[in-house]
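Inspection log for the structure reproduced underneath, given as structure tokens.
Just so it is clear, none of the values below were taken in a lab; they were calculated from the coordinates. Only a predicted model underlies this, so the values are computations on that prediction, with no experimental measurement involved. Methodologically, a virtual Cβ is constructed for each residue, glycine included, from the backbone with ideal geometry; neighbour enumeration extends over all protein chains shown.
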């Protein structure tokens, strides 16, 4: 079967979207002829069952860039003539209704919800147009995939969804990693953050909590973000006197990730209680990476988080948006540092309840074959 998988995301990249997309392709490309259409400058090397075509768009305006990507996908669909169309955003997804192809709408996030966090000048008229596009994508999709029950609930509450049974929840997965010994606890404990510096992620909000933890905790941030957020982070580190305690790094590529993560004691996912995280929902890939490497996760007690983590088994959860709660969670782990090797084993054991990336890809493959 000839399949087109299109997404208004850059691939390959360090962002979780790229990890998710490439993991989804694993089982599919072994069974079908798959073409991946994404943003990017450098397509993946040719490999059996997968053809990657990138759109190197230089347009800086988000809306015009989205429209240009739609035309890029339209042209490719016309020439590839697939039997099935998988899309992740309304930018390419509106083409599903126009082509009449069997299609899968993968909803990891809704632009009508997320855009105001990225662009402050996103007005209500633009958001309403996006919401209407999202509705049309839901109407035309043969199947809908999302990574969490919270997102499924959001879709059912905000949109008209004919036959809710079309919504399939496939959480983000992990790749098994060989166990590594717990690092020593006789010095400062080491925390790590992976991901973007988007405001909803909460990592910039959390920086102030580290000043009172000097000598007990250090933090490495491997993140990407707009230049304004990077400058804001650098200024905050100077203001709080954290230059030697909290370090900003470029993102980790996947190979180095496996070598480095085992050297940390805890992973941070300080998501803020916002419409994006609490109402829409999410399923952070970073949390799965932390768990795969045996790291206790410090995160807020949100519904989307509880779907992945269990308090005191593989995480320490705190009251959302409470800097005191976040700091208290780190204080608790420091008091219990002698228990960290045992906690590391419990974290890895908790993976038995969660899917691997290969399992996620097999579940997606089954959906493809059921609708085409």
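With a ≥ b ≥ c the root eigenvalues of the C-alpha gyration tensor of the stretch 189-353, is it rounded (a/c under 1.5), prolate (a/b larger than b/c) or oblate?
Rounded is the answer for the stretch 189-353, as its axis ratio a/c remains below 1.5.
Which stretch or stretches of the stretch 166-189 have amide N atoms under 18 Å from the point lying 7 Å from residue 335's Cα along the Cα→Cβ direction?
Residues 189 qualify, since their backbone N sits under 18 Å from the label point.
Could you order peptides 275-282, 159-166, 339-346 by the average number of other Cβ atoms within 10 Å of their residues, highest first?
Order by mean packing, descending: 275-282, 339-346, 159-166.
Which residues does the label zone of residue 59 cover in the stretch 15-45, counting backbone N under 16 Å from a point 7 Å along Cα→Cβ?
Zone members listed by number: 38-40.
Once you compute Rg and the Kirkwood Rh from C-alpha atoms, what is the Rg to Rh ratio for the stretch 45-128?
For the stretch 45-128, the value is 1.00.
Measure nothing fancy, just the Cα-based angle from helix 340-349's long axis to the longest principal axis of the chain, in degrees from 0 to 90, nearest 10.
Relative to the chain, helix 340-349 is tipped by roughly 20 degrees.
Here are labelled values, (1) 1.05; (2) 1.09; (3) 1.00, and one is the computed Cα Rg over 2.2 N^0.38 Å for what I pasted. Which one?
Read-out taken from this structure: (3).
Obtain the radius of gyration and the Kirkwood radius of the stretch 294-372 from its C-alpha atoms and give Rg over Rh.
1.15
With a 10 Å radius around each residue's Cβ, average the other Cβ atoms per peptide and rank 315-327, 56-68, highest first.
Going from most to least packed, we get 315-327, 56-68.
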